[in-house]
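One structure below.
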C-alpha cells in the first residue's frame, strides 16, 4: 500500500522444521525459516546484512534474544528482539520481552509483553558522542580543517 515496503523474503538458506528442537545459539546468513523450537539466541552473522531475514512461523518458538536486520514473526519469542531495519509482527506473534526496532509493522492480534523502543539505524559519528575525553576530541579532524591548513 502507499509507500509501505514489505520485507523481501530472501532465499531461505536454513529451515528448522516443525518438531525439531535446537539447544544453543544460532548465527545464520541469508534466510532462516523457523517452524521448530530454539532454546538460545538467534542472530544473523552481520546485523546490518540487508539480505538476512528471520521468519518465525506460527508454529515456531524462540527462547532467547533475537538480533537481526529484518524479521517476520508469527510465532513466539521469549526474550528481547532487536531488529535493526524492520520488524513485521503477524496476527499470531507473541513476544515476551523488550522490542528494539527501527521500523515496525504490527498486525491486529499481535502481542508484545515488554517495552517497545524505537532506535534509528543512523550511524553516530565519533565527534557526536557525549563521552569523549579532551584528549580523544583533539584527534577529531574535519575536512574543512584540512583544506584551511593547506
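Read-outs throughout are calculated quantities, based only on the coordinates presented, and are distinct from any laboratory measurement. Predicted model only: the values in this text are computed from it and were never measured. Glycine also receives a Cβ, built like all others from the backbone with ideal geometry; neighbour counts cover every protein chain displayed.
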Cβ-based exposure ranking for 73, 112, 16, in which fewest neighbours within 10 Å come first: 112, 16, 73
Provide, in order from the shortest bin, the percent of all Cα-Cα pairs of the stretch 12-125 in each 5 Å bin, continuing until the bin that contains the maximum pair distance. 3, 13, 25, 28, 19, 9, 2, 1, 0, 0
Determine, for 78, 85, 119, the number of other Cβ atoms within 10 Å of each Cβ, and report the residues in order from fewest to most. 119, 78, 85
Can you give me the Cα centroid spacing of the stretch 65-120 and the stretch 26-43 in angstrom? 15 Å
Sorting 14, 120 on the 10 Å Cβ count, fewest up front, what's the list? 120, 14
